[in-house]
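A short write-up of the structure that comes next.
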Protein chains: 2
Amino acid sequence: MDDIKLDYTNMMASVVGEYGIHEDELEALRPQSEEIHHYLMTRRENGFLPFYELPFNTKILEEISTLVEEIGGRYENVVVLGIGGSALGTIALAQALCPLYHNLMDSGQRGGRPRLFVLDNVDPMGFSQALDILDPARTLYLVISKSGSTVETMCQFLIARERMEKALGAGYREHFILITDPISGPLRRLAESEGFRSFSIPERVGGRFSVFTAVGLLPLALVGVNVQALLQGAIAMSERVTEPDIMKNPAYLNAALQFLAYRKGLKISVMMPYSDRLRDMSDWFRQIWAESLGKKNGLTGDLLHIGPTPVKALGTTDQHSQVQLYVEGPFDKSVTFLIPENYGADLIIPAYPPAPSLSYLEGKSMADLIRSEQQATEVALTKNGRPNCTISIPEVTPETLGALVYMFEVQTIFAGGLFKVNPLDQPGVEEGKEFTYALMGRPGFEKKKDEFERWYNDIRRRSL
Amino acid sequence: MDDIKLDYTNMMASVVGEYGIHEDELEALRPQSEEIHHYLMTRRENGFLPFYELPFNTKILEEISTLVEEIGGRYENVVVLGIGGSALGTIALAQALCPLYHNLMDSGQRGGRPRLFVLDNVDPMGFSQALDILDPARTLYLVISKSGSTVETMCQFLIARERMEKALGAGYREHFILITDPISGPLRRLAESEGFRSFSIPERVGGRFSVFTAVGLLPLALVGVNVQALLQGAIAMSERVTEPDIMKNPAYLNAALQFLAYRKGLKISVMMPYSDRLRDMSDWFRQIWAESLGKKNGLTGDLLHIGPTPVKALGTTDQHSQVQLYVEGPFDKSVTFLIPENYGADLIIPAYPPAPSLSYLEGKSMADLIRSEQQATEVALTKNGRPNCTISIPEVTPETLGALVYMFEVQTIFAGGLFKVNPLDQPGVEEGKEFTYALMGRPGFEKKKDEFERWYNDIRRRSL
């Protein structure tokens, strides 16, 4: 059992009032939910939703463990060149499952494992500062792009590749592993023509659903995460999230709660872990939720442009930044707390007689404090009529994180059905890509350049 | 001149249509704006808005530079214990103004300056992992709390203090500097009774407006930021943001644009720097904007609960995560791009004949790419009717960042007037604090414990 718990007490109207959800609203979703469930199961059987099967793929585990054994100790640095779905799962899970100061430890403290750098931007200052601290001879690059042509990642790759060849000569190729489409695209062709080692991202697995492929598993395994346990956690969750009854399926139920909250005007969905290690799960979730559900769909009116806005927050930190707004501001958001029941460490607060006004803390622990603060914030929100729910995991482990990721993936796919959008595409980013190609002079995009000019330079610009 | 530019072309209805702003709407704000301006200037003259004067305080610069000279080279680690306004300015400005991998460099590369750790949470795992990597003899703690009683910071302090005393004996006191109220509170009393070195946060300067006091200046100076230049930048901005005419004052104008956008239902305000170094400016802004404006005010109806929700994004990274939603989702947000005109470094994209389909990138630079992507995203949003504006700074320097921070501070205070809220208080977080005290057994909060029970344990809990 994965033991992940979804507590939705404070999503209900009986507790939070006007903006809460009524039992009968959940009930009313049953027929539609059953339809969506059957649709998903049929799509799955027919091979159109392969993300469901990824945790069951033991072959990839063998490939990766063979590779890690062969080369794992050889490098001081593993560098991911990738963006969006090629980066966010690795960032979130490394933050959760490596020591928090992994990169600051010396090699012995890291058990001989490499440091991890995920370079997911193209700021020339940021990228050149990264290259400056990476010893070419001790660095392995994982170049990750499903299409094999993502412009940011290709730009990084071309620059890093040249540097490495200059530093290391022909043997530089061993320092690159390409993770891309099994058949097509520039990276796949380079793997074939230039002999780079490569891994495939299975067909029909989109970037934001790819963390259980080599995209996430390889970098995580290289830095010491037990990726087998990660997949076992996902498998342990798989039964719960294929249960047809929304009241028994945490992924479906949470999707339904979020959908109903959205319909009541709570269009912002805050994810607020109370845990340093779970901090970046919000960034991973932010992508899968926003990019899957933020769509122009086939409907009209208010439903033409749809999609909840996920917001990242961190407890207790953001109590001193965002909670004022959450408690008193507009009724336009729900909050999902994400908490580990056990923090895996604790610190007792000692006495300090010169500060008598702090003596109430004596003998309590830091875990007592962070738990109290989460519960206090929960009750403050609830009392002020602000819907919120809590997802708890027993402890931050590869198993629980694997289960959590799998649950959120299914939740997202199911929510696509409720919101009546295709959760697997992202047509709205195509136009920006085309304008970028036009500005970068890629052949075939000349007309887009003209259009850009009309919107950028041919209008009266106003500035101060 | 600070040369910060606010380009608001794409906020206007003439460009983006329905959700854009009309000239006459800006004009109509003039009388109210003049009133707010005069109110602010009067409050300022009477000493109620001392944040305005902070950059002009040369005395603090002398004190800090004396201290840095005395002890700066002695430490390998500077650790800030603080949360919210005691942490976010330092995090944002260190990210902008220190080398990005400052903490990974060896002492020589850092010019003998210490590493910086800002510990702004009470996760026992996170805090104990931090303590484990900090050599007591080489570590300086800055304990920052205006009230001197912030529970998270006091908990950290009590634990770290005991560790340091055990490791270093009576001399441990030299490893702590307290930054707190000039007169009252537990930290101030400890500074007096125990002889800890201390700095004062001037009266009436709230946490989120305190970055130009010792709160931000001391840690930044210790790690090598030119804090004098930072304040000079703020001073250079001060004239522009005290200009009465909203059409000539970038702080007032941006507040007005954001206010009008909010009134049109764009209640989410995304800040999206295209720069690794400017990344955490969004977190600092998120606090000042949300906590100052997210309020229950004296009005009724839709205006009873008010406040824009600031959202952090990063370009180009979030083009692969959030932009799908921004382009196609509901019309509920505006985007503010934050860009440096000069990235301070550049990398030319080299040729790579084995990948002919990437040859269009050859000879272009990474700065060309990130600029093209920002402009492409800007035009994609604009074409889809999504209001957006761009704040540009010539380069990321202490001067420009000082100017930017000062501009946003004035923008926030002025926006308080437009939204008709008190931007200096945060009544909505008091209740959560009281529930925390009750749960932690602080004397005087017994009744709050009973109330907590009613909301937490005495209701039917629903979970799965």
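Coordinate-derived values only; no laboratory data. Just so it is clear, the structure is predicted and the values come from calculations on it, not from any experiment. Positions of Cβ are backbone-derived with ideal geometry, glycine not excepted, and every protein chain shown enters the neighbour counts.
Share of pairwise Cα-Cα distances greater than 48 Å in the protein assembly as shown is 18 percent (whole percent). For the pair the range B:174-189 / the range B:1-42, the C-alpha centres are spaced 42 Å from each other.
Please compute the net charge surrounding B:Pro114, taking Lys and Arg as +1 and Asp and Glu as -1 over other residues with Cβ under 9 Å from its Cβ.
Numbers: positive: B:Arg74, B:Arg110, B:Arg113, B:Arg115, B:Arg138; negative: B:Glu76.
Residues near B:Pro114 contribute +4 overall.
Fewest-first ordering of B:Arg461, B:Arg386 by other beta carbons within 10 Å of each residue's beta carbon gives B:Arg461, B:Arg386. The calculated pair-distance distribution of the range B:50-231 uses every alpha carbon pair, bins of 10 angstrom beginning at 0, and gives 10, 41, 39, 10, 0 percent. Put a dot 7 Å past the Cα of B:Ile133, heading toward its Cβ, do the same for B:Glu430, and the two dots end up 4.0 nm apart.
Is there a pair in B:Lys146/B:Lys295; B:Lys296/B:Lys420; A:Lys420/B:Lys383 whose C-alpha atoms are over 20 Å apart, and which pairs would that be? Intermediate values should be presented prior to the final figure.
Values: B:Lys146/B:Lys295 22 Å; B:Lys296/B:Lys420 10 Å; A:Lys420/B:Lys383 25 Å.
Listed pairs above 20 Å: B:Lys146/B:Lys295; A:Lys420/B:Lys383.
Each other copy holds its own label point for B:Arg43; taking that point as 7 Å from Cα along Cα to Cβ, the gaps run 5.1 nm, nearest first. Label-point distances for A:Gly171 to the equivalent site in the other copies, using a point 7 angstrom along Cα→C-beta, read 4.8 nm when ranked shortest first.
Across peptide A:348-357, the mean count of Cβ atoms from other chains lying within 10 Å of each residue's own Cβ comes to 6.
Taking amide H positions as modeled 1.01 Å from N, with prolines and chain starts lacking one, the residues under 5 Å from B:Met12 and 5 or more places away or on another chain are B:Ile21.
Near B:Leu104, within a Cβ-to-Cβ distance under 11 Å, what is the net charge of the other residues, with Lys and Arg +1 and Asp and Glu -1?
+1
Among B:Phe285, A:Phe259, the ranking by other beta carbons within 10 Å of each residue's beta carbon, starting with the fewest, stands as A:Phe259, B:Phe285. With the label put 7 angstrom out from Cα along the Cα-to-Cβ vector, B:Ser193 ends up 7.6 nm from the copy partners, going from closest to farthest.
Suppose R0 equals 60 Å. What FRET efficiency, 1/(1 + (r/R0)^6) with r the Cβ-Cβ distance, do A:Ser357 and A:Ser184 give to the nearest 0.05? Don't skip to the answer; put the middle values down first.
On the way: r = 67 Å, r/R0 = 1.12.
The formula returns an efficiency of 0.35 here.
Hull volume per residue, based on the alpha-carbon atoms of chain B and their convex hull, is 202 Å³. Check cross-link reach from A:Lys248 to the lysines: straight Cα distance under 17 Å, and skip same-chain residues fewer than eight apart. Excluding near neighbours in sequence, the set is A:Lys5. Counting Cβ atoms of other protein chains within 10 Å of each Cβ in B:92-102 and taking the mean gives 2.
Using the Cβ-Cβ distance between A:Ala13 and B:Ala13 with R0 set to 35 Å, the FRET efficiency works out to roughly 0.35.
Highest average first, the peptides B:367-374, A:16-23 ordered by how many other beta carbon atoms sit within 10 Å of their residues are B:367-374, A:16-23. Distance from the Cα centroid of the range A:50-81 to that of the range B:106-154 is 35 Å (rounded to whole angstrom).
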